[in-house]
């Protein structure tokens, strides 16, 4: 580190320092011009002490600044990202290349020496520190790894990035888009096998997760085969182990793909397991991608939802899109002026979007008379006086007719239902909603999911809150702009998952006690991934239909082999919640029980844990992607057998070099303590010599 000092005089000319020196000389001459008891040498010494002391005091009065410039060298960062996916370990053509690659990457730090800062990582779904030889990642998200590295080392001297992967990704967006944000060369190390082997596989299955009892539903399969021209693919479909369909498909080429539409029947209520299998061919490289399993929840009735809006608004489209994704729900939308045509008893939930209830007698009577859950939504066109009068979840005191922007700030104490961590984080980062300008107050009994963050200030104002009064649930959203969330999430992530999950969970919560059951046990979904935590919620109502969580709630979980797991629910707010952790893949049933007021309550359900096998569905590596990443960024493709050349390539790259960071700081000279020490030393030395010679 190089450190330099300079003196700057600010608004005062530096020539005043010469005046200070002349003043010090004049002062010393006036004191010592007459002969004293000192010898000539002593007089000159004392005069110099006095002149220097006065000069320094005069300079301090000019208030000069000391400028300090520090030059801090920053070594170039070499970031290593190694793919840990299961597809590499399974389909690598030459297993020795894996050892060469890992060993070569591990030696890179010592080969480059102290002039480079080498950081090592591996990734699957998320980025992890260090290199690995396990190759057991269940999913691969290359773009997320690139993004995390770029954000972690933002504004640092990233010299180059080394990416060792087979180019296959099954999560996230195209890595080429994220690589454009990295201002450094990317050196790619191609792994896996690009030569298609004899293989039969199911690429994808499109289906609805729910079906109505007794109805037919469609499933679309995409199947394919490599190096199998002339063979016959035998497709078999089973429902809970019972064969329901089978057919043959002729393979017409060595790179064959086909879409198949199947019509299945929902003949049994509950969670049905459908398995699609392709009979193995001789000498297949892998048979694990010949089978895929889906789960369809067959229900015997739909929850009917009525969406009433005061005037057309883009938020209506967002709500319709999110609700209609779930076949459990039947949605009808009308404008408030047409409310007289509706038969209110047919619905299980009302959603009122900026509706003035007091201006519509039919709608007002239906909402107030029937004990049906209602979701109130306010916005710029809302009559806030009417909004406050019709619901008691929140109160809005508007101080002027303007609107303001409010970000969604998740409340850690919310316990009515569970949103995934990724959804909470995404929603908190999405654009703000438009809320009325004023003050907000939530009912003390309300449970607030989101509070308002106005600019950079986190407030206690509720943005989305819920309330359960005597078993009838109510929700209140105090802002508009869900369409902004939808567009922003799609732009950032390519989907609407967080908005869809939020709407689905809200509706599920509001309609969960539509049958007025006093003990309810439910999960956010029926199918979990094997690496995902299983969250189960429970609610218990007393005779007044008030939520209570005084008694313990036990749950017994049983897998398909009869093995049992026992749990005890935790109390969360006024309800219960159980985190059963990650469970092995398979089908499970559960029974929960509790006692209240001498009466025993029980509830049961079923769930499935889906094995993650997406890494085994594609065996052919995508090295074209790696060549594109290297070419666009100015890097080079380095084969595993040539991994020892990587250090030389990095040294020869002129963009990979040490940079000097300049740090300038200013400090007033009067704050420098050693200047006072010099002045004190000069005056003290002069006083001591005069004292010794008897002049004082």
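The values are calculated or read from the model by the stated rules, or taken from the named source; none is laboratory data. These figures come from a predicted structure and were not determined experimentally. Backbone-built Cβ (ideal geometry, glycine too); neighbour counts: all protein chains shown.
List of remarks:
- Residue check, residue 396 within 22 Å of residue 447 (Cβ to Cβ), touching a strand residue (DSSP E or B) at 6+ places or on another chain (Cβ under 9 Å) and surrounded by fewer than 23 Cβ atoms within 10 Å (Cβ to Cβ): yes
- Of all residues in the range 618-629, those that are surrounded by fewer than 20 Cβ atoms within 10 Å (Cβ to Cβ) and in contact with a strand residue (DSSP E or B) (Cβ under 7 Å, 6 or more places away or on another chain) total 2.
- Yes/no for residue 202 being closer than 30 Å to residue 491 by Cβ and either in contact with a helix residue (DSSP H, G or I) (Cβ under 9 Å, 6 or more places away or on another chain) or not in a strand (DSSP E or B) (or both): no
- Some residue of the range 114-134 being assigned to a helix (DSSP H, G or I) and modelled with pLDDT of 85 or more: yes
- Per-region count, the range 463-500, residues outside any helix (DSSP H, G or I) and over 17 Å from residue 432 (Cβ atoms): 15
- Subset of the range 572-587 (residues that are surrounded by 14 or more Cβ atoms within 10 Å (Cβ to Cβ) and either touching a helix residue (DSSP H, G or I) at 6+ places or on another chain (Cβ under 8 Å) or within 28 Å of residue 414 (Cα to Cα) (or both)): 572, 574, 575, 576, 577, 578, 580, 583
- Meets criteria (within 29 Å of residue 534 (Cα to Cα) and at pLDDT 90 or above) for residue 451: yes
- Any chance residue 159 is surrounded by 15 or more Cβ atoms within 10 Å (Cβ to Cβ) and modelled with pLDDT under 90: no
- Checking residue 77 against (1) over 41 Å from the mean Cα position of the chain (by Cα); (2) over 23 Å from residue 688 (Cβ atoms), the condition it does not meet: (1)
- Matching residues, the range 238-262, being surrounded by 12 or more Cβ atoms within 10 Å (Cβ to Cβ), over 37 Å from the mean Cα position of the chain (by Cα) and part of a strand (DSSP E or B): 238, 244, 245, 246, 249, 255, 256
- Qualifying positions in the range 264-280 - within 22 Å of residue 614 (Cα to Cα) and at pLDDT below 90: 272, 273
- Each residue in the range 396-424 was checked for being farther than 20 Å from residue 458 by Cβ and touching a helix residue (DSSP H, G or I) at 6+ places or on another chain (Cβ under 8 Å), and 6 pass.
- Scanning the range 33-55 for residues that are part of a helix (DSSP H, G or I) and surrounded by fewer than 18 Cβ atoms within 10 Å (Cβ to Cβ), we see that the one that is modelled with the lowest pLDDT is 40.
- Condition met for residue 460 (in a loop (DSSP other than H, G, I, E, B) and free of Cβ contacts under 8 Å to residues at least 40 places away in the same chain): no
- Some residue of the range 375-390 being in contact (Cβ under 8 Å) with a residue 12 or more places away in the chain, closer than 27 Å to residue 271 by Cβ and not in a strand (DSSP E or B): no
- Taking the criterion of being crowded, with 19+ Cβ neighbours inside 10 Å, in contact with a helix residue (DSSP H, G or I) (Cβ under 9 Å, 6 or more places away or on another chain) and either outside the structural domain of residue 637 (by TED's automatic domain parsing) or in a loop (DSSP other than H, G, I, E, B) (or both), the only residue of the range 80-102 that qualifies is 92.
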